[in-house]
2 protein chains.
Amino acid sequence: MTYTTTEENYIKAIYHLEHEHESVGTNLLSAAMQTKPASVTDMLKKLEAKKLLHYEKYRGFRLSDQGNKLALTIIRKHRLWEYFLVEKLGFNWDEVHVLAEQLEHVSSEDLIRRLDEFLEHPAFDPHGDPIPDVKGKFRKINQDNLLGLPLKKNLKVSAVKNQESEMLNLLTQYEIKIGTQLKILRRFAYDGSVEIRIEKNAATILSKQVAQHIYCNL
Amino acid sequence: MTYTTTEENYIKAIYHLEHEHESVGTNLLSAAMQTKPASVTDMLKKLEAKKLLHYEKYRGFRLSDQGNKLALTIIRKHRLWEYFLVEKLGFNWDEVHVLAEQLEHVSSEDLIRRLDEFLEHPAFDPHGDPIPDVKGKFRKINQDNLLGLPLKKNLKVSAVKNQESEMLNLLTQYEIKIGTQLKILRRFAYDGSVEIRIEKNAATILSKQVAQHIYCNL
DNA sequence: GTAACAATTTAGACAAATCTAAATTAATAA
DNA sequence: TTATTAATTTAGATTTGTCTAAATTGTTAC
């Protein structure tokens, strides 16, 4: 079975939404896909016909096993390409997401197998997200964001869960990247901002919006 | 200006046909694109509107300067990816054409610039075809096929101008690749076949169909 | 329990790239 | 030069993914 780029993008979006929200509906999906709810309904029917999801009209939908598997292979391709772009071609980590969105739809199992080998089977992409293996398995890591982690502990940044250039640029400004050592000094209830010390530098305050996307290992 | 994958494929096909035939028409192009002549006419109008070619109905068409430039950037991308697939990922030269057809449509000047750098500016792809530089310039080489080259001279294979897997497989069988040394012993007028000696091996006879696609430097 | 509202779906239309069948133009051959 | 043939184009339809506007279903507040 082969799938169009659009179909693949829907499947990927549904996968991510299912992991970020406990309930996913037509409206939420249409926002994520930047289309209208009516268009989503049309596509849901098509994806159900292809057995990529379970769907009952007006009641909801969720990925089938097959859909889940497809999502993982797309995510695997995306993250391998991101790793390639940063490690081999020297891109900055904030430039690669858009490119990987194109490359992830190139269809060839053989290509991905060889790319994975060439890159020596990386386990994490440049943003710290785990790369699924051929079977869709990936390392589960215990991580939380700066809003939930304990104070005064030595932490190491393990992931950044927002791929927008503006966000990643800001992090470069703060000198925060994957692997950066930091300590949470305190939280301000008023606006949810977080004071941290990065390595041995002076303390800085991160807004809640920024802090919630920075993850460290427990 | 951005172009759809289909538009790019038309432009690339027209470029190649213009270099292989002195006259290119709707029928020839439709055969190359595996579509019907009527579809070609529709696309010609669209490409003219985008100023990629000059077109007068019933009279003919040819690439404009802009179209020519676009063709060269697509060919550049295609050949760089082929080089990458063979040299870095270890593909055989007969497997890469189809993959490169997908990769060539990934749009990012930056990506190609970096890929070119990573590969250390290769001048020829794995089939011996020259890779255009950023400005669309490429090394002109004096080469001819085994039907036109002189007898009894030491020759070196510089290109194979047929990317079908069956053809390239056959060459592997004969142990012919880019750089192979050979000598033409004689030609048989009856069927156009050519007797050659490859390196120090026993003599073999190649059919006309095969011989015409093997090119050597003069 | 039902009225109001929100979420979702249907109906009908459109652009891109294609098709078939019919019409038109150009080339050629007598 | 004109008739025939070949090449090309037009007309009208189809598929994919999208849209708007209207209808339907489900949920929630009273």
The residue that is farthest from the other protein chains (Cβ to nearest Cβ), considering only those in the range B:48-61 that are more than 9 Å from DNA strand C (Cβ to nearest atom) and in contact (Cβ under 8 Å) with a residue 24 or more places away in the chain, is B:61
Among (1) crowded, with 16+ Cβ neighbours inside 10 Å; (2) farther than 18 Å from residue A:12 by Cα; (3) not hydroxyl-bearing (Ser, Thr, Tyr), residue A:120 falls short only on (1)
Filtering the range B:1-34 for residues that are more than 11 Å from DNA strand D (Cβ to nearest atom), free of Cβ contacts under 8 Å to residues at least 24 places away in the same chain, more than 14 Å from every other protein chain (Cβ to nearest Cβ) and out of contact with any helix residue (DSSP H, G or I) (no Cβ under 8 Å at 6 or more places or on another chain) leaves a count of 4
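Restricting to the range B:44-71, what's the tally of residues that are within 23 Å of the chain's Cα centre (by Cα), within 22 Å of residue B:105 (Cβ to Cβ) and within 15 Å of DNA strand D (Cβ to nearest atom)? So that I can check it myself, show each step before the final result.
Keep residues of the range B:44-71 that are within 23 Å of the chain's Cα centre (by Cα), which gives B:44, B:47, B:52-53, B:61-71.
Cutting the leftovers down to within 22 Å of residue B:105 (Cβ to Cβ) gives us B:44, B:47, B:52-53, B:63-71.
The next check asks that each one be within 15 Å of DNA strand D (Cβ to nearest atom); those that pass are B:44, B:47, B:53.
Going through the range B:44-71 one residue at a time, the tally reaches 3.
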Scanning the range B:23-40 residue by residue, the ones that are over 13 Å from residue B:9 (Cβ atoms), in a helix (DSSP H, G or I) and more than 8 Å from DNA strand C (Cβ to nearest atom) total 4
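Where residues in the range A:124-153 are among the polar types (S, T, N, Q) and closer than 11 Å to residue A:217 by Cβ, which of them is modelled with the lowest pLDDT?
A:142
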Taking the range A:85-98 and the residues there that are more than 8 Å from chain B (Cβ to nearest Cβ), of a type outside the set (Asp, Glu) and not in a helix (DSSP H, G or I), the one that is nearest to residue B:120 (Cα to Cα) would be A:92
Residue A:142 vs (1) under 14 Å from the mean Cα position of the chain (by Cα); (2) exposed (fewer than 14 other Cβ atoms within 10 Å of the Cβ); (3) touching a residue at least 40 places away in the same chain (Cβ under 8 Å): all pass except (1)
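Among the candidates A:82, A:101, single out the residue that is part of a helix (DSSP H, G or I) and either within 12 Å of another protein chain (Cβ to nearest Cβ) or of a type in the set (Phe, Trp, Tyr) (or both).
Values: A:82 fails: either within 12 Å of another protein chain (Cβ to nearest Cβ) or of a type in the set (Phe, Trp, Tyr) (or both).
On inspection, the qualifying residue turns out to be A:101.
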Filtering the range B:107-146 down to residues that are out of contact with any strand residue (DSSP E or B) (no Cβ under 7 Å at 6 or more places or on another chain), away from every other protein chain (no Cβ under 14 Å) and among the aliphatic types (A, V, I, L, M) yields B:134
For residue B:173, the lone unmet condition from (1) surrounded by fewer than 12 Cβ atoms within 10 Å (Cβ to Cβ); (2) in a loop (DSSP other than H, G, I, E, B) is (2)
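The values are calculated or read from the model by the stated rules, or taken from the named source; none is laboratory data. Note that the structure is a prediction, hence the values are computed from the model and not measured. Please note: Cβ atoms are built from the backbone with ideal geometry, for glycine as well, and neighbour counts cover all protein chains shown.
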